[in-house]
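Following: one structure in structure tokens, then a few remarks.
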Amino acid sequence: MATTAPDTELEKRVDALLVGAIDPHVHSGPSIAKRALDHVELARQYSKAGFAAVVTKDHDYSGVMTARLIADNFPELTTKVYSGIALNNVIGGFNPYAVEHTAAAGGKVVWFPTLAAEQHFRWQAQAKSTHPASTDKIRPAVAIPVLDANKKVRDEVKEVIDILAKTGMVLASGHMHISETWIVLEEAKKRGVKKMCVTHPEEIVDGSLNDVKGLAAMGAFVEHSICMFLDGSKFQHRREEELGHFIEAAGVDQTVIGSDLGQPGTMLPLEGMRRGVKLCIRLGYSDEDIRKMFSLNTARMLGIEADLPARA
């Protein structure tokens, strides 16, 4: 059976576009969930490809100390590793001490509940499957609400929001339902949070194109998990061309693209990002727009513009 020769010019174009790229959402290990690679190997692969930075995410622990260890002990790795904390059961949900500690240790992102979000349990029941990061090694997750019975933001959530306003970390919506995301982000904006991110509206959280348009207009970045669009990804839930609809809804300047990869049994994060760039090329986006979505917007969101390589 004949095989198609690689498009050398396309590969070179992708190589160039990934220099200075930032992946804001990677599930590398170690973790109690199975992972395809660890944080150091991730940094090695991304350094070889010329990535400026990466943000590691675990559903159960803050990765900030691991990020510091990598920076101190692997100076040859040029990709800077950052992390944050997900407000799930293991760290006590909306635990202000954990959030302040993450900020003090250089954390960049605080993900509101993911595997412990009320919406996550609804989605899981409807999908009749468990999230790939779920595990039987610890007791099952218990839902952590963000709103009270009157659909108002709970006081403990407001306390965390105030910490984010003070420290400048990103408030990422996690797996909250999109209706909850609207309420939380409106409260966060009112309380002075400058950096907000809507996490993968295309899956789990029930985000529509109108939601994406409105939340972006509010000032939130919209982060897409490229693994949910790519043909050949075991996490694909949307057709490839649907990515363009989401990008147009938010606008290129408010769109951030990450891999959301690192799990076994599918492509590695670097391959996901490469395929994501190729998809955006096929969708007709210019190199300038692709650099925004894969690098410049993410640097702006995280406040790490200084990590980007100088361009002639």
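Would you please name the residue that is surrounded by the most Cβ atoms within 10 Å (Cβ to Cβ), looking only at residues in segment 213-246 that are in contact with a Phe, Trp or Tyr (Cβ under 6 Å, 6 or more places away or on another chain) and among the hydrophobic types (A, V, I, L, M, F, W, C)?
C227
Show the residue pairs that are 6+ apart or on different chains and have beta-carbon atoms under 8 Å apart, the first residue being within segment 154-169 and under 22 Å from T298 (Cα atoms), the second being assigned to a helix (DSSP H, G or I) and among the acidic types (D, E).
What qualifies is I161/E187; I163/E100; T167/E100.
Quick check on V277: is it modelled with pLDDT of 95 or more, crowded, with 24+ Cβ neighbours inside 10 Å and in a helix (DSSP H, G or I)? Can you show your working first?
Numbers: modelled with pLDDT of 95 or more: yes; crowded, with 24+ Cβ neighbours inside 10 Å: yes; in a helix (DSSP H, G or I): yes.
Taking the combined requirement at face value, the residue satisfies it.
Where the second residue is in a helix (DSSP H, G or I) and at pLDDT 95 or above and the first is among the polar types (S, T, N, Q) and lies in segment 104-133, which pairs have Cβ atoms under 8 Å and are six or more apart or on separate chains?
T114/H120; Q119/E180
Quick check, is L270 modelled with pLDDT of 95 or more, part of a helix (DSSP H, G or I) and of a type outside the set (S, T, N, Q)? Let's see the steps before the verdict.
On the way: modelled with pLDDT of 95 or more: yes; part of a helix (DSSP H, G or I): yes; of a type outside the set (S, T, N, Q): yes.
So L270 passes the test.
Residues of segment 144-153 being surrounded by 15 or more Cβ atoms within 10 Å (Cβ to Cβ) and assigned to a loop (DSSP other than H, G, I, E, B), which ones? Give the derivation first.
Applying the first criterion (surrounded by 15 or more Cβ atoms within 10 Å (Cβ to Cβ)) to segment 144-153 yields 144-147, 153.
Matches in segment 144-153: I144, P145, V146.
Report, by residue number, each residue of segment 280-312 that is hydrophobic (A, V, I, L, M, F, W, C) and either closer than 17 Å to V81 by Cβ or in a helix (DSSP H, G or I) (or both). Walk me through how you get there before you give the answer.
Filtering segment 280-312 down to residues hydrophobic (A, V, I, L, M, F, W, C) leaves 280-281, 283, 290, 293-294, 296, 299, 301-302, 304, 306, 308, 310, 312.
Across segment 280-312, the qualifying residues are C280, I281, I290, M293, F294, L296, A299, M301, L302, I304, A306, L308.
Considering each residue of segment 1-58, count those that are touching a residue at least 24 places away in the same chain (Cβ under 8 Å) and of a type outside the set (G, A, S), and give that number.
Of the residues in that region, 29 qualify.
Find the strands (runs of 3 or more DSSP E) located wholly in segment 33-126 whose residues include 3 or more that are surrounded by fewer than 18 Cβ atoms within 10 Å (Cβ to Cβ) and within 16 Å of the chain's Cα centre (by Cα), and list them. Before you say what the answer is, go through the steps one by one.
Working: elements: 53-56, 80-82, 84-86, 109-111.
Filter on segment 33-126 gives an empty set.
Say whether the condition of being small (G, A, S), crowded, with 23+ Cβ neighbours inside 10 Å and in contact with a Ser or Thr (Cβ under 9 Å, 6 or more places away or on another chain) is met by at least one residue in segment 178-188.
At the first step, the residues of segment 178-188 found to be small (G, A, S) are 179, 188.
Subsequent filtering for residues that are crowded, with 23+ Cβ neighbours inside 10 Å retains 188.
Pick out the ones that are also in contact with a Ser or Thr (Cβ under 9 Å, 6 or more places away or on another chain) and you get none.
No; the residues of segment 178-188 include none that is small (G, A, S), crowded, with 23+ Cβ neighbours inside 10 Å and in contact with a Ser or Thr (Cβ under 9 Å, 6 or more places away or on another chain).
If only one of Y97, Y46 is of a type in the set (F, W, Y) and closer than 30 Å to G284 by Cα, which one is it?
Y46
Anything in segment 165-195 that is among the aliphatic types (A, V, I, L, M) and more than 26 Å from F121 (Cα to Cα)? List them, or say none. Spell out the reasoning first.
Initially, segment 165-195 is screened for residues among the aliphatic types (A, V, I, L, M), giving 165, 169-172, 176, 178, 183-185, 188, 193.
The answer is A165, M169, V193.
Step by step: first the residues of segment 280-298, then only those that are out of contact with any strand residue (DSSP E or B) (no Cβ under 6 Å at 6 or more places or on another chain) and in contact (Cβ under 8 Å) with a residue 60 or more places away in the chain, then the one that is surrounded by the fewest Cβ atoms within 10 Å (Cβ to Cβ). Which residue is that?
Going residue by residue through segment 280-298, those that are out of contact with any strand residue (DSSP E or B) (no Cβ under 6 Å at 6 or more places or on another chain) are 280-292, 296.
Adding the requirement that they be in contact (Cβ under 8 Å) with a residue 60 or more places away in the chain leaves 281, 287, 290-291.
Working: I281: 16, D287: 13, I290: 25, R291: 21.
Ranking the qualifying residues of segment 280-298, first place goes to D287.
The values are calculated or read from the model by the stated rules, or taken from the named source; none is laboratory data. Owing to the predicted nature of the structure, the values given are computational and were not obtained by experimental measurement. Every residue, glycine among them, receives a Cβ derived from its backbone with ideal geometry; neighbour counts consider all protein chains shown.
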